[in-house]
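Colleague: The structure's right below; bear with me while I get my questions together.
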Amino acid sequence: MRTDIKLCLLNQHLLAELLHAAVTDADPLEVMPPVKGPDGWTPKRQAAFVQFHESRSLSADPVETTFAITVAGKVAGAARLCPMGGQPGTAEAGVWIGRSHRGAGVGTAVLELLLSRARAEDFTTVYVSTTPDNTAVRSLLSARGVDLVPDGEALTAHMNLTTGPQGT
Ligand SMILES: CC(C)(COP(=O)(O)OP(=O)(O)OC[C@H]1O[C@@H](n2cnc3c(N)ncnc32)[C@H](O)[C@@H]1OP(=O)(O)O)[C@@H](O)C(=O)NCCC(=O)NCCS
């Protein structure tokens, strides 16, 4: 397991670095909800990225916790835990990592760190949703013994943090 990966609670300074990582190393659709307009990192889309994180994680009443992922001290992506309405104790997990860092074990390390954070925040279950074509997420979860099950067009998993191999 890589030891040069850290999760740092997002703040305005890290958000600027996260925007840089996103613009230089990721596709907008991998890291934020769709924004209408021409493809790519237009000024409008960059502003929407900042506004998205400010409203969801840095406001007075945040709806989720976002972490900047650092690799050897440099911001390389983001991970989040979002409490799920109507499901007490359950948080939805989300992760993106810059292209230049993918396939090198960062995602695997981030998943472990994110589950530790979820436990520390007293969540008992972490929910993941992905698409059938996302081979990296499927491999990452399968290596951890997590079964994804079809749910409409998505594949989803509920990872129990309190019992069994998925929660260890
Ligand atoms: C999904 C993501 C977070 C995985 O992070 P990562 O750092 O690439 O993952 P790792 O290097 O730890 O690899 C995890 C597993 O996926 C496999 N993998 C990684 N990239 C892959 C690819 N492009 N195609 C197929 N398998 C891949 C690895 O081989 C590894 O499997 P293994 O343990 O059986 O060898 C990253 O690819 C990403 O940010 N993708 C874009 C955003 C995204 O899809 N987020 C998830 C939404 S649910």
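Quick note: the coordinates plus some simple rules give every number you see, no bench work behind them. Computed from a predicted model, the values in this text were never measured in an experiment. For neighbour counting, all protein chains shown are included, and Cβ atoms are generated from backbone atoms with ideal geometry for every residue, glycine included.
Colleague: Among Ala16, Ala79, Ala93, which one moves the most in a GNM of the chain with springs linking Cα atoms closer than 10 Å?
Modeller: Top of the fluctuation ranking is Ala16.
Colleague: When the chain is treated as a GNM, springs tying every alpha-carbon pair under 10 Å, which of Ala78, Ala26, Ala104 comes out with the largest mean-square fluctuation?
Modeller: Ala104
Colleague: Moving to a separate point now. Helix-only estimate, please: 222 nm mean residue ellipticity of the chain, summing -39500 (n - 2.57) across DSSP H runs of length 4 or more and dividing by its residues, to the nearest 500.
Modeller: Calculated at 222 nm, the ellipticity per residue is -10500 deg cm²/dmol.
Colleague: Count the DSSP beta bridges whose two residues both fall in the chain, then state the antiparallel fraction as a percent rounded to the nearest 5.
Modeller: Percentage antiparallel, nearest 5: 90.
Colleague: Give me the dipole magnitude in Debye, nearest 20, for the chain about the Cα centre, with unit charges on the beta carbon: positive for Lys and Arg, negative for Asp and Glu.
Modeller: Dipole of the chain, to the nearest 20 debye: 340 debye.
Colleague: At q = 0.10, 0.15, 0.17, 0.18 Å⁻¹, what base-10 log of I(q)/I(0) does the Debye formula yield for the range 5-167 when every alpha carbon is treated as an equal point scatterer in vacuo?
Modeller: -0.36, -0.84, -1.09, -1.23
Colleague: Ok, one more. Considering the zone a paramagnetic label at Lys74 would reach in this model (a point 7 Å from Cα along the Cα-to-Cβ line), which residues of the range 87-113 have amide N under 17 Å from it?
Modeller: 97-107, by backbone N distance to the label point.
Colleague: So, one more: What value in Å³ per residue do you get for the convex hull of the alpha-carbon atoms in the range 11-105?
Modeller: It is 117 Å³ per residue.
Colleague: Describe numerically, in nm with one decimal, the distance between label points set 7 Å from Cα along Cα→Cβ at Asp61 and at Asp147.
Modeller: So the two model labels end up 4.0 nm from each other.
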